[in-house]
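Structure first, commentary second.
The values are calculated or read from the model by the stated rules, or taken from the named source; none is laboratory data. This one's a predicted model, so the numbers in the text were calculated from it and none came from an experiment. With ideal geometry, Cβ positions are generated from the backbone for all residues, glycine too; neighbour counts draw on all protein chains shown. Each accessible area value is taken on the protein alone, full model and side chains, heavy atoms only, with ligands, DNA and RNA left out. Shrake-Rupley method; radii C 1.70, N 1.55, O 1.52, S 1.80 Å.
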Amino acid sequence: MTLRKRAFHHMRWNEPIIYQLSTPGHRGLLVPEAEEGIEQAVGDGLSSIPIGMRRSDSPSLPELAQPQVVRHFNRLSQENLGADLNIDIGQGTCTMKHNPKINEVFAGSPKMTDLHPCQDQSTVQGILEILYRTEEIFREISGLDCCSIQPGGGTHGALAMATMVRAWHRDRGEDGRRDEIITTLFSHPSDAAVPKVKGYKVVILPPDEEGLPDMEAYRSALSERTAAIFFTNPEDTGIFNSRIAEFTELARKNGALCCYDQANANGLLGIARAREAGFDMSFFNLHKTFSSPHGCGGPATGLLMVDRVLEPYLPVPVVRWDEKGGRYYLDFNLPKSCGKVKAFYGVIPVVLRAYAWIMSLGAEGLEEASRIAVLNNNYFMKKMLEVRGCSISFPRHPARIEQVRYSWEEMKRETGFGTADVQRRIADFGTHYWSSHEPWVIPEPFTIEPSESYSKEDLDEYLGIMEQISRECYEEPEKIRHAPESSTIHLIDHEYLDDPDRWAITWRQYTKKYRGYFERR
Amino acid sequence: MKGKKRVYPYIPNSEPRVREAMLREIGVDSVDDLLGDIPEGIRMKSRMNLPEPFTAEADLKRHVEGILSRNITVGEYLSFLGAGCYDHHVPAVVDEVIGRSEFLTAYAGEPYEDHGRFQVLFEYQSMMAELLDFDVCNVPTYDGAQAAGTSLRMASRLTGRKKALLAGNMNPDRLKVVRTYLDSVMTVEMLGWDRSSGLLDLEDLGAKMSEEVAAIYFENPSYLGTIEDQGEMVARAAHEAGALMVVFADPSTLGVLEPPSRYGADIACGDIQPLGVHMNYGGGLGGFICTKGENRFIEEYPSRLFGITPTREKEWGFGDVAWERTSFANRETAKEFVGTHAALWGVAAAVYLASMGPEGMADLGKVILQRSLYARKVLGEVPGVSTGKPSGVSFKEFVVDFGQSGRDVVEINEKLLACGIFGGKDLSREFPELGQSALYCVTEKTSKKDIDRLVEALSEILR
């Protein structure tokens, strides 16, 4: 493999904290002033404020003129690395893919941004049509029947599922008895955390020798207390659970609902669906598989699809088409609804982008996206396993779906360097690498997800970086020890972040504890 | 396209020769050979039945914009809608920064290659803390409703108690979400409020206060727009009984109104949408939670909290504070959960607050107060219309009662719509006791001319 010749150095602005840039009296923006007639009619407004409620001081915000504001934040943007700039395959489970620019034109249009959620519905027929059409499309993608676009992310999708599980069993008078939700060790952490928030006891299945949820453990975990199962398939091992229909069948026989975390859907579009695998509901991350950008961590959407029998329990409102009136409308009238998980209706611009992405590809294109994601993943895996010190979990499975959890266990043993060291060093190459979700039952793990957006050359370049870092771990340990050298900043001290005595979450806290550069007061 | 395999612009390796080369490298004949783990029984038997795509960008643009063109924006009509989502001015500089590829398309990376967003969100936390006069603020939650729910759960964990007393004049949409968060761990009791003043009923509070109560929650301003000025008394009642006070505050008020910390709140929460985020049909929301800096509070946050830390070369470095709290670290034993929430709106709010500064926030509060007072006054002079109840001082929203006109809000709003005006939100279903009333909202974008136009239209309609 030849490493594409780059001489990367991240922008390093050494940018001060915005409070250090403040000059008293500067203004970044002026606000309209009340017209003369208003002054005459009601005065200065401020004297109307009830005694004790008028702010007695000025909030300590920084004061900057607009050019300085722009420069500061644009410099900070240059010290960030979006998917538009890097081969962003190191964030397994998160499906980093191309965010088509035309979709930003749609999302940034006043016809999207400047709509109020309480406008008369005759004036939002366009956006309601997009939402309705998106639901129709997801019926095909999932095989399920009814939709809620309300959840604001994958974890929120899980919350909506757990909330519906509760409503369903409550309606059957079984809520008190069914107090457990079963999930798996390799499912996303939220699949374990969210049911807990809804008051469920969480039962976690360990993986078997093949890396799949242990069937025997599952059989003994299922009982009349089981309210639902929360499964991911494939998990971040990338191994498809070929017995998934058995799992769902057993749950169903037991009166439990089958809930599917399809954050990892990118290898399965048009190939295998929630319906055929026996799931009652499923959520999809529109900011992952369906191309909406991540925005440094949201806003996002965890679109929820459910079987028809669960429709009455959906969060309100749902979007419907009135055939007779020839109009779309929001239906709030679901008497058994589980309530709401988000204010108003959801993160609409994310749904709009997903709709546009799907409509640019069609059924054949969606399937192609998945097939190429699978191709990319298996190509990458083949080459990655040639890199010294790297191994794979559950090696008996030759092919994987769209991602793989690897391990630097061998390298750690031989060099003392593991996944956190690779993570630090990779910043010097202008790309990004995470590790894996907890728990790290596979030692020194990392999860790579090379979605369909990356060319063969991109994958080869990333592999070249991994190869070089591995070589350095074995042969040039100083390089690793001091990394990063070419990034935005140098090695940070993590201890400050875990020590209540030293941590500072705001500039106010910092200046209370320190002066100058971390000199204790 | 018949017979020829399509090559997709977003999918580089859809090019047949590349694909073949990669398959050869893997040592299989087709992608199907890589999908062997998926049993036949659960495979799709036929292609998904989806609409024909618009594969050319020009066609896609025509299609999507064609649908969107059926929307009418608040720029095209005159809007008096609020109720939890507000038409404030979004500065161009905000759109410029959040539109930067580096922020827009980033995941949520590590302290080095994504240093920029750590610093911006640290600055966001810092400015929000100043606005709220607290020590700590989190990375944004999904929305203010989640922030409210989580604040109450934090209060429950802090006090070891299981009951929330919620103000009856809170936003009903938000209440539905809060219930979802509290269901199964906390019980909810609603507090009465005085119909004539719009303020909390302290007698009712006294009657409902007990050793079981974890927190009293109210919104300031209330859903109906009134400024609650009894905060200190509510706080005293809460604290005497060992409970906390949680206040949901509108950040756009805080240049001129005291923040909740000054009248005894232990936790302040709210929504950052007014701080430079487009309404996006209700999709522009993001929540904040602020507290004092004591560790007992910090330990109860489920959210990410970015902290500042030194680097080897004396730069400003950043990272996650107390990571072990989070569900990323501790799954089912974590404090609630964290995931992908609304970070980009936090970036927007940071740019907004840095642009506005203290003077900007004070000016904003002043002009909103003046214009909404004016609107409330002149609307109240229209025959058949009353804006006197609830009588409490309002900030940007107030109740308009059409009872005396004998007309209902639905009809009035239809007629306003015909004049190109979105009338206030109909309250007749959410608060039937208010009769035919609507919640009107005025922001710094609403000019005197706009208000006069509304008055004229209403006078005509109610004639």
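Observations on the model:
- Only Cα sites of segment B:1-131 enter the Debye sum here, all with the same form factor; the resulting log10 I(q)/I(0) across q = 0.10, 0.19, 0.20 1/Å is -0.78, -1.25, -1.29, listed in q order.
- Heavy-atom SASA rank of A:VAL422, A:VAL42 (probe 1.4 Å, accessible area, largest first): A:VAL42, A:VAL422
- Nonlocal amide H pairs with B:PHE422, under 5 Å, H built at 1.01 Å: B:LEU78, B:SER79, B:PHE80
- Along each principal axis, taking the top coordinate minus the bottom one, the Cα set of segment B:175-268 gives 37, 27, 27 Å in descending order.
- Phi to ³J(HN,Hα) by Karplus 6.51 cos²θ - 1.76 cosθ + 1.60 over segment A:444-458, Hz, x for Gly, Pro: 6, x, 8, 10, 10, 10, x, 5, 5, 6, 9, 7, 4, 5, 4
- Whole-Å semi-axes of segment B:220-320's equivalent ellipsoid (Cα gyration tensor): 28, 22, 12
- Over segment A:364-482 - Rg/Rh using Cα atoms and the Kirkwood inverse-distance radius: 0.98
- 37 °C / 0.692 mPa s Stokes-Einstein diffusion coefficient of segment A:21-118, Kirkwood radius on C-alpha pairs, µm²/s: 170 µm²/s
- Fully extended contour minus Cα-Cα distance, from A:HIS494 to A:PHE332, at 0.36 nm per residue: 53.5 nm
- Virtual spin-label span in nm between A:GLN40 and B:VAL7, 7 Å along Cα→Cβ: 7.1 nm
- Extension gain for the segment B:ARG236 to B:GLU25, taken as residue separation times 0.36 nm less the Cα-Cα distance, is 68.7 nm to one decimal.
- For B:MET190, the accessible surface of its heavy atoms amounts to roughly 60 Å² (probe 1.4 Å, protein chains only, rounded to the nearest 10).
- Diffusion coefficient, µm² s⁻¹, Stokes-Einstein with Kirkwood Rh over alpha-carbon pairs of segment A:105-359 at 25 °C and 0.890 mPa s: 133 µm²/s
- For chain B, carbon and sulfur atoms together expose 48% of the accessible surface, with a 1.4 angstrom probe and every protein chain in place.
- Of the GluC sites (Glu not before Pro) in segment A:148-246, those whose Cβ has at most 10 other Cβ within 10 Å and which sit in DSSP loop: A:GLU209
- By a 1.4 Å probe calculation restricted to protein chains, A:TRP440 has an accessible surface near 100 Å², given to the nearest 10.
- Descending Cα extents along the principal axes, segment A:278-347, whole Å: 41, 31, 22
- Distance in nm between pseudo-label sites at B:SER459 and A:GLU386 (7 Å out along the Cβ direction from Cα): 8.3 nm
- Per-pair calculated FRET efficiency, R0 = 45 Å: B:LYS292 and A:ALA65 via Cβ, rounded to 0.05: 0.85
- Rounded to 0.05, the FRET efficiency of the B:ARG312 and B:LYS162 pair, given R0 = 51 Å and the Cβ-Cβ distance, is 0.60.
- Coordinate range of the alpha-carbon atoms in chain A per principal axis, descending: 77, 71, 45 Å.
- Mean partner shielding of peptide B:177-187, defined as the number of other chain Cβ atoms within 10 Å of each residue Cβ, is 5.
- Taking 0.36 nm per residue of sequence separation and removing the Cα-Cα distance, the A:ARG515/A:MET215 pair yields an extension gain of 102.2 nm.
- For the chain pair B and A, buried accessible area totals roughly 18500 Å², probe 1.4 Å, rounded to the nearest 100.
- Kirkwood hydrodynamic radius of the protein assembly as shown, Cα pairs, Å: 28.8 Å
- Cross-link table B:LYS396/B:LYS448; A:LYS97/A:LYS383; A:LYS5/A:LYS383; A:LYS97/B:LYS45; B:LYS377/B:LYS445; A:LYS198/B:LYS162, entries beyond 23 Å C-alpha to C-alpha: A:LYS97/B:LYS45
- Unit Cα scatterers, Debye sum, segment A:102-186: log10 I(q)/I(0) for q = 0.10, 0.13 Å⁻¹: -0.43, -0.67
- Across segment B:92-352, the volume of the C-alpha convex hull divided among the residues equals 130 Å³ per residue.
- Taken along the Cα-to-beta-carbon direction at a fixed 7 Å, the label points for A:ASP501 and A:ARG308 span 6.6 nm.
- Amide N of segment A:215-249 lying under 20 Å from the label point, which is placed 7 angstrom from the Cα of B:ASP32 along Cα→Cβ: A:240, A:242
- Hydrophobic, long helices, defined as DSSP H runs whose alpha-carbon span along the helix axis is 24 Å or greater and whose mean Kyte-Doolittle value is at least -1.0, occur in chain B at B:115-132, B:343-380.
- Calculated Rg and Dmax of segment A:232-324 using C-alpha coordinates, Å: 15.1, 50
- Stokes-Einstein D for segment B:254-395, Kirkwood Rh over Cα pairs, 20 °C, 1.002 mPa s (µm²/s): 114 µm²/s
- In summary, the convex hull built on the alpha carbon positions of chain B has an orientation-averaged projected area of 29.1 nm².
- Ratio Rg/Rh, restricted to segment A:54-96 and using Cα atoms, in which Rh is the Kirkwood radius: 1.29
- Taking segment B:92-352 and dividing mean pair separation by its residue count, relative contact order in percent (alpha carbons under 8 Å, at least six apart): 26 percent
- Global dimensions of segment A:421-521 from alpha-carbon coordinates: Rg and Dmax equal 17.9, 54 Å.
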